[in-house]
Amino acid sequence: MRPVGLRCEYVENPLGVQSARPVLSWMGSDFRRGAHQVAYQVVASSDEEKLKSGDYDLWDSDKMESEKFFCIPYEGKKLHSAQRVYWKVRIWDEQGSMSQFSEPAYFEMGLLHPSYWKGRWMGFLGGLIGNGILMRYSFKVEKEPVRARAYICGIGYYELRLNGDRVGDKLLDPGATDYSKTLLYSAYDVTDGLGIGLNSVGIILGTGWAGTPRALLQINIEFADGTRQEVYTDWGIGWCVAKGPIVYNSIYDGEDYDARLEKDGWDTPEYQDTFLIEHQRPEGWSLATIIEPPGGELVGEISTPIRCTGVTIPKHIKTLPDGRELFDVGENQSGWVRIRVKGERGAKVKLTFAEVLKPDGDLEMSYLRLARCQDSYILRGGKGIEEYAPRFTYHGFRYFTVETAGIVSIESMQMEFIRSDLKQNAEFECSDEFLNRLVHVMWHTDACNMHSIPTDCCQRDERHGWTTDTTSRAEGSVYHFDVSSFFEKWTRDVFDTQDKNGYFADTAPHRWGRRPCDPQVNTPISLPLLLYRAYGNKRVMEQNYESMKRYIEVLLKEADDLLISRTGFGEWACPVEECYPEPYGAGAVSKHVTATLVSTAYLHYSVTQLKQMAGILGHDEDALYFENLAAAIKEKYNARFFNEAASQYDMGSQSSNTLSVSLGLAPEKYREAVMRNIAENVAEHDYHLTTGNMGTKSIVETLSENGYEDLVYTIMTQKTSPSFGYMLEKVATSIWERWEADRNNNIMNSQNHPMLSACNVWFYKYLGGIRFIDDTAAYQQLLIAPTIPSQLEYAKTEMDIMAGHVSTHWKKENESLMLNVEIPFNTSASVIIPKKFAVEGAKLYEGGSIICDYSNNASLCQGITSVESCEDRYVVEILSGSYSFLLE
């Protein structure tokens, strides 16, 4: 029962916490049935020895009667900048037993007020456009440091170095933001990197998302006698800059590196730059210049950083006619290629990247639009092996070519998978190997498009966080990854785009697309609610509640009798035959779904969700207002779009009908008839979808929830176009932007695009059956309700939630159904067991004992609080623990 998995702000032992009242979470380690927490005690101390000895000088919560184990706000003494807090927790279980204290954890505050930043933004205004700028500074430390922290924000990207060594393992840092609103800084423990005497700090600056690269750095050094030393960026104290070996860098175009320009030891105390105050420029160094501050608020970056998460050895395919060597890394991935080479000084290696090949076997570059997607390396020369990988770019690719000039040999190459290092949250396996392959491809596509923001693609001249895409995609990402801190960060990016009228932008940070965003965008409403449902994060709702209300208000102002006609997307990216041709809407605007239907349906959905949040936050009057508003929108919507006689919406398309059902607009008495029309439409299209960005997830979910699981299986395993199976038959290793991206060569043909794969929830939420109940937070109450197609024999699903590990495993044998369920400590679940695979009169067993027969005679056992036999299912209420059900 001892608490484990302690986290602060959803992160283990974070540095740079910005919140004055950070939130704490933990898990239990008791696997007994029915085990749950009834009370907790959190204690905190200013150092670890005090914590161990029981001197809780910062906080002792005393025993708190509560089952809550997530988002517990720190309530101790006021915290100050750079303060480290050590904490632990113990709990009491349902029997009144007290656990041992957990192992100690810690969190450390960042710089909490702008006044704590002593320096100024520095860089170089005298040229070096596109260059990887080197900055350096030397300083003396007279005594042995006992603690030292470096705080840095370097935009677009930076690499921090101290006495010749790289600091930290973050890549492409900081995360993308609107620099005029939010600036993310990182905190590093550099105590061990400093020495008595002369020390040197170096910064490499890349362009990233910034126009002019710049850095703000502060190193706070503390000594045993209580004295302090501060090192920071400022004018006239010795900070200088030089042109580095990165002669060009661009997120989209790639990076060019000339090793002949390397300055050995430039970031070490031994380096002799002999820079004179008379402004001489030995070795190409010059005084760093003050750069205008970007304007945003400095916020500690504790969300999951971008790192290398995997390595692949490329496979040689062939030599092209012009001598270039063509390689395949096996999967369409995001990242770069690291090379180890040897050769003469001035020899050059050029790598060019693409997702697909042309019919003649060369790289297909047109799909990348204006992005160059190329790295080059010029050798320094000598007898040794030289190693290179980019710092300030990344590519989306499966194939690449290597072109050399001069005498050079490539000793080795490896592809490095670069993405936000989010923990994989779920795994799925079933009896159909095709589905096992598809679930990986969908996960991989999502992974490739997590780069501090949820990007739409990872290869061409775009790579932005589209708020339309996440309207459908966000829930699936919660199943794929732990996005607790990632999505909280991006939610801030979304709200940073809100204008004075209340509108948001198409992308966040806003560097592409329109203002205002398409009215169907639901992300600013759904994302805060999703963070609450999945992680118990109430704070994001509280902070942005008034902003969400303003968004609804401005949408209502532009509505005509509660219907919204303005649109740019509608049901975007349906199969090409369902769309108007290019150039109208890039050939992706549906001609069979009225855009007003989509915009108004999502207005209704947003109002419904805001009503839920008003209730959670205790705004009862608002909740009643939004409930009545949703009902009024529903009435106007149905009057405009519903054909009562035909039980069809709009033009009767799959998307129009399914969005109306899934977003709560179809009248209950017509729901079954509308669902039959959806199923018949799918059959009429030979079991293919005609849906796009919004409707694809919607139709899979709606059919699954209404008894059409066999039909969904047929759709998801379809092999002819348009389908996911067609993509995989064409050797796709990631999901395409368009259903026919292999042959419809328009401006929308990304081969690594998570938009359509938002229906990945089918694997975990429906086949696995792991769902959350709407009225609860942090998945503390679950609904285990697998929808079991007749075509599958078994499915295993596992998922980590705030409380711990959830798993389901069902298997059909003859005329029986086995379902094993694992529910973590402090969590309960409603388990739905379908009867359709059992003979009439079958009994329900758990652990070998009958718990319910067909006449609804129940016999409860430990952990099971109720059993009910319904016409087509059993409903079993269970507490935490492992259960083995058998229906036969």
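What follows is calculated from the coordinates using simple rules that are stated; it is not laboratory data. Note that the structure is a prediction, hence the values are computed from the model and not measured. Virtual Cβ from ideal backbone geometry, glycine too; neighbours counted across all protein chains shown.
Quick look at the numbers
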quantity: Extended-chain gain in nm, criterion 0.36 nm per residue less alpha-carbon gap, ARG166 and LEU125; calculated: 12.2 nm
quantity: Förster radius 22 Å - calculated FRET efficiency between ALA646 and TYR687, Cβ distance, rounded to 0.05; calculated: 0.50
quantity: Contour minus Cα-Cα distance for SER29 and GLN95 (0.36 nm per residue); calculated: 22.2 nm
quantity: Region 459-573, relative contact order in percent, only Cα pairs under 8 angstrom and at least six apart counted; calculated: 26
quantity: Values of log10 I(q)/I(0), in the order q = 0.16 Å⁻¹, for region 749-814 under a Debye, Cα-only, solvent-free model; calculated: -0.64
quantity: Whichever lysines have a C-alpha closer than 25 Å to that of LYS500, once near sequence neighbours (fewer than 8 apart) are set aside; calculated: LYS181, LYS489, LYS538, LYS549, LYS557, LYS611
quantity: Alpha carbon Rg of region 361-421, scaled by the compact-globule rule 2.2 N^0.38 Å; calculated: 1.32
quantity: Using a Förster distance of 30 Å, the FRET efficiency for ASP774-TYR625 (Cβ separation, nearest 0.05); calculated: 0.90
quantity: At 1.306 mPa s and 10 °C, Stokes D of region 595-641 from Kirkwood alpha-carbon radius, µm² per second; calculated: 147
quantity: For the chain, the fraction of alpha-carbon pairs in successive 10 Å shells from zero, as %; calculated: 2, 11, 19, 23, 21, 14, 7, 2, 0, 0
quantity: FRET efficiency for ARG147 and GLU297, using Cβ-Cβ distance with R0 set to 25 Å, rounded to 0.05; calculated: 0.45
quantity: Once the Cα gyration tensor of region 112-162 is diagonalised, semi-axes √(5λ) in Å; calculated: 25, 16, 11
quantity: Helix-only [θ]222 nm of the chain, DSSP H runs n ≥ 4, -39500 (n - 2.57) each, per residue, nearest 500; calculated: -6500 deg cm²/dmol
quantity: Net lengthening on full extension, GLU222/ALA20 (0.36 nm per residue, minus Cα-Cα); calculated: 70.4 nm
quantity: Nonlocal amide H pairs with TYR248, under 5 Å, H built at 1.01 Å; calculated: GLY132, ASP256
quantity: Net charge, SER807 excluded, C-beta distance under 13 Å - Lys, Arg +1, Asp, Glu -1; calculated: -4
quantity: Estimated inter-spin distance, GLU888 and SER53, nm [label 7 Å along Cα→Cβ]; calculated: 6.3
quantity: Percent RCO, i.e. relative contact order, over region 4-109, from Cα pairs under 8 Å lying at least 6 residues apart; calculated: 34
quantity: Separation of alpha-carbon centers, region 383-430 and region 182-247, rounded to whole Å; calculated: 28
quantity: Long-range HN-HN contacts of SER452 with modeled amide H, under 5 Å; calculated: SER420
quantity: Computed label-point distance, nm, for sites ARG345 and ILE290 using a 7 Å Cα→Cβ extension; calculated: 4.1
quantity: For region 4-109, diffusion coefficient by Stokes-Einstein and Kirkwood Rh (Cα), 4 °C, 1.567 mPa s, µm²/s; calculated: 93
quantity: Highest average packing first - 504-513, 107-116, Cβ atoms within 10 Å; calculated: 504-513, 107-116
quantity: Karplus 3J(HN,Hα) series, Hz, for region 154-165 with 6.51 cos²θ - 1.76 cosθ + 1.60 (x for Gly, Pro); calculated: x, 10, x, 10, 9, 10, 9, 10, 9, 6, x, 10
quantity: Net charge, ALA20 excluded, C-beta distance under 15 Å - Lys, Arg +1, Asp, Glu -1; calculated: -1
quantity: Above-threshold pairs, the threshold being 20 Å between Cα atoms, out of LYS423/LYS697; LYS77/LYS143; LYS812/LYS843; LYS68/LYS796; LYS719/LYS836; calculated: LYS423/LYS697; LYS77/LYS143; LYS68/LYS796; LYS719/LYS836
quantity: Kirkwood hydrodynamic radius of region 62-131, Cα pairs, Å; calculated: 16.8
quantity: Rg/Rg_ref, region 117-300, where Rg_ref = 2.2 N^0.38 Å and atoms are Cα; calculated: 0.99
quantity: Counting all C-alpha pairs of region 286-430, share separated by more than 18 Å (%); calculated: 65
quantity: Length-normalised contact order of the chain in % [C-alpha pairs under 8 Å, at least 6 apart]; calculated: 10
quantity: Size of charge dipole - the chain - debye, nearest 20, with Cβ of Lys, Arg +1 and Asp, Glu -1, no other charges; calculated: 1680
quantity: Highest to lowest packing among 460-468, 645-653, scored as the average C-beta count within 10 Å; calculated: 460-468, 645-653
quantity: Nitroxide proxy distance, nm - points 7 Å out along Cα→Cβ at GLU635 and ASP322; calculated: 6.8
quantity: Debye log10 I(q)/I(0) for region 426-767, one point scatterer per Cα, at q = 0.09, 0.11 Å⁻¹; calculated: -0.44, -0.68
